[in-house]
1. Among the residues of segment 159-168, what is the count of those that are crowded, with 16+ Cβ neighbours inside 10 Å and over 10 Å from the mean Cα position of the chain (by Cα)?
2. Does VAL144 satisfy the criteria of being closer than 30 Å to LYS20 by Cβ, under 16 Å from the mean Cα position of the chain (by Cα), of a type in the set (Val, Ile, Thr) and assigned to a strand (DSSP E or B)?
3. Please state which of the following conditions THR41 fails to meet, knowing it meets all the rest: (1) at pLDDT 95 or above; (2) assigned to a strand (DSSP E or B); (3) polar (S, T, N, Q).
4. Go over the candidates LEU74, LEU34 one by one and state the one that is assigned to a strand (DSSP E or B), at pLDDT 90 or above and exposed (fewer than 11 other Cβ atoms within 10 Å of the Cβ).
5. Of the residues ALA128, ALA81, which is modelled with pLDDT under 95 and either touching a Gly at 6+ places or on another chain (Cβ under 7 Å) or in a loop (DSSP other than H, G, I, E, B) (or both)?
6. If I filter segment 1-60 down to residues being of a type in the set (A, V, I, L, M, F, W, C) and touching a residue at least 60 places away in the same chain (Cβ under 8 Å), which single residue comes out as nearest to ALA161 (Cα to Cα)?
7. Could you go through segment 90-107 and let me know if any residue there is out of contact with any helix residue (DSSP H, G or I) (no Cβ under 9 Å at 6 or more places or on another chain) and assigned to a strand (DSSP E or B).
8. Of the numbered conditions (1) at pLDDT 95 or above; (2) in contact with an Asp or Glu (Cβ under 9 Å, 6 or more places away or on another chain), ARG89 fails exactly one; give the number of that condition.
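The values are calculated or read from the model by the stated rules, or taken from the named source; none is laboratory data. Note that the structure is a prediction, hence the values are computed from the model and not measured. Heads up, the Cβs are rebuilt from the backbone with ideal geometry, glycines too, and the neighbour counts pull from every protein chain shown.
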Amino acid sequence: MPDLGLPRLMLGGRTVTYAKDIPVGAVVQRTSALQSLVHKTSAAGPLAIATLVHELRIAQESTPALVETQTYLLLPARKGAIDSGGGVRAERPAAERTASFTPDKTLLFQYSALGFNSHRIHLDRSHARNVEGFPDLVVNGGLVTLLLTEFLRRDLGLVPAAIKVRHVAPLYCGRAITMTADRDGTNWRLKAYDDKNVLAVDMEVEIQ
């Protein structure tokens, strides 16, 4: 992808379809492609929306075992700090099931290392604060998706066939995250809230 002069990268959302299990020890082939790149202009200036498609196939099989589509926002350099909500605490809607956890810098480092993700907003506190304008290290969007998915598997005993995730606000290191789960017809809706009960991640789940 060409350099667009937009230095900031944020995950906007993803969809994942699980077509079949991948056995332990199987040889897996991954293909990735840039599906689209759309330029837009907002009140904050120019931006671009990049959509990537990843497919995982078990070796010598023609159909993918997993298909993931990721949407990224490419943004101009930050001017000023992000408003993290101050001391205002919102009222979180009641939910059928809840769980909470507090991510620390070790967890962010471990998850980033597993995915070869060197984005400094997850690893370098000085960069996150002084360059990007965040109040602290930003929790990886993929990490929150993973934790929500494991909440579904472990606490609810359910296996997803497909998920659709929207990232609507950042989550920060050292601040409690509350996960909620509610039935949505035959499927489920999982959400992650920050320590001020602001919705950060919204995940729709189709159950197997």
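1. 3
2. Numbers: closer than 30 Å to LYS20 by Cβ: yes; under 16 Å from the mean Cα position of the chain (by Cα): yes; of a type in the set (Val, Ile, Thr): yes; assigned to a strand (DSSP E or B): no.
For VAL144, the condition - closer than 30 Å to LYS20 by Cβ, under 16 Å from the mean Cα position of the chain (by Cα), of a type in the set (Val, Ile, Thr) and assigned to a strand (DSSP E or B) - is not met.
3. Failed condition: (1).
4. Details: LEU74 fails: exposed (fewer than 11 other Cβ atoms within 10 Å of the Cβ).
Being assigned to a strand (DSSP E or B), at pLDDT 90 or above and exposed (fewer than 11 other Cβ atoms within 10 Å of the Cβ) holds for just one of LEU74, LEU34, which is LEU34.
5. Numbers: ALA128 fails: either touching a Gly at 6+ places or on another chain (Cβ under 7 Å) or in a loop (DSSP other than H, G, I, E, B) (or both).
From the options ALA128, ALA81, the qualifying one is ALA81.
6. VAL16
7. yes
8. Evaluating ARG89 over (1) at pLDDT 95 or above; (2) in contact with an Asp or Glu (Cβ under 9 Å, 6 or more places away or on another chain) leaves (1) as the failure.
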